[in-house]
Structures are given as structure tokens and as C-alpha cells.
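Working notes for the structure below.
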Amino acid sequence: MATRTRNNRQQVVEQPAVLTANANQVAAMLGVSVRQVWRLNATGRLPRAIRLGNCVRWRRAEIEAFVEAGCPTREKWECR
């Protein structure tokens, strides 16, 4: 991401890595609909989500590891 300074020079500003993903982002990561993400979550087919106030988020690294492990049930995933 680039921004302009007063003297019109470009300055590159790095943004911190995003550690969590919302339902829309998880859906895009998995290639499914948002509705399917909520179904998978309700039936225990996704890692447990975390709540940040009213927001529901999943850890990106955990979703990636979950997929690499073959998408086990939540019960098996939490026992690892």
C-alpha cells in the first residue's frame, strides 16, 4: 500500500498481517458460500471460532492447517 507525502513522494507503508478471518473470508479460503461456512460451523465441521465482542472470527493459520489435515471433525481436530 502506498501513500503520498507532502512533497508528493510515494512512501510505502506496510500493514500488519491479519491473523483472523470473518465468515466471508473463510468462505473465500474454502471456496464455499458464507451460508455453508455457518452450516459447517454449526455441525462441528470447522475449527472452533473465536468471539471478539460481537464479531465471530477464525484464526487464519488454524483454517489453513485444518484444510491441510484433511478437514477432520471439530472433535478430532481439538484432540490433536
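What follows is calculated from the coordinates using simple rules that are stated; it is not laboratory data. Being a predicted model, the structure only gives us computed values, none of them experimental. Using ideal geometry, Cβ is built from the backbone for each residue, glycine included, and neighbour counts are taken over all protein chains shown.
In nm², what is the average projected area of the convex hull enclosing the Cα atoms of the range 20-79?
Values: hull surface 15.2 nm².
The directionally averaged projection comes out at 3.8 nm².
Distances between placed amide hydrogens fall under 5 Å for Val56 paired with no residue 5 or more residues away or on another chain. Summarising the amide proton neighbourhood of Leu46: residues at separation of 5 or more, or on other chains, whose placed amide H is nearer than 5 Å comprise Arg74.
Applying the Karplus relation 6.51 cos²θ - 1.76 cosθ + 1.60 with θ = phi - 60° to the range 53-68 yields 3J(HN,Hα) values of x, 8, 8, 9, 9, 10, 6, 4, 4, 5, 4, 5, 5, 4, 5, 4 Hz, where x marks Gly and Pro.
Subtracting the Cα-Cα distance of Val34 and Ala17 from 0.36 nm times their residue separation leaves 3.8 nm of extension gain.
Amide H to amide H distances under 5 Å link Thr20 with Arg60, where only residues 5 or more positions off or on other chains count and H is placed in the peptide plane. When the chain is treated as a GNM with alpha-carbon contacts under 10 Å, the residue of Asn24, Asn41, Asn54 showing the greatest mean-square fluctuation is Asn54.
GluC sites (Glu not before Pro), restricted to the chain: which are DSSP loop and have at most 16 other Cβ atoms within 10 Å? Could you put the intermediate results ahead of the total?
Values: sites: Glu14, Glu62, Glu64, Glu68, Glu75, Glu78; in loops: Glu14.
In loop regions of the chain (DSSP not H, G, I, E or B), the sparsely surrounded GluC sites (Glu not before Pro) are Glu14.
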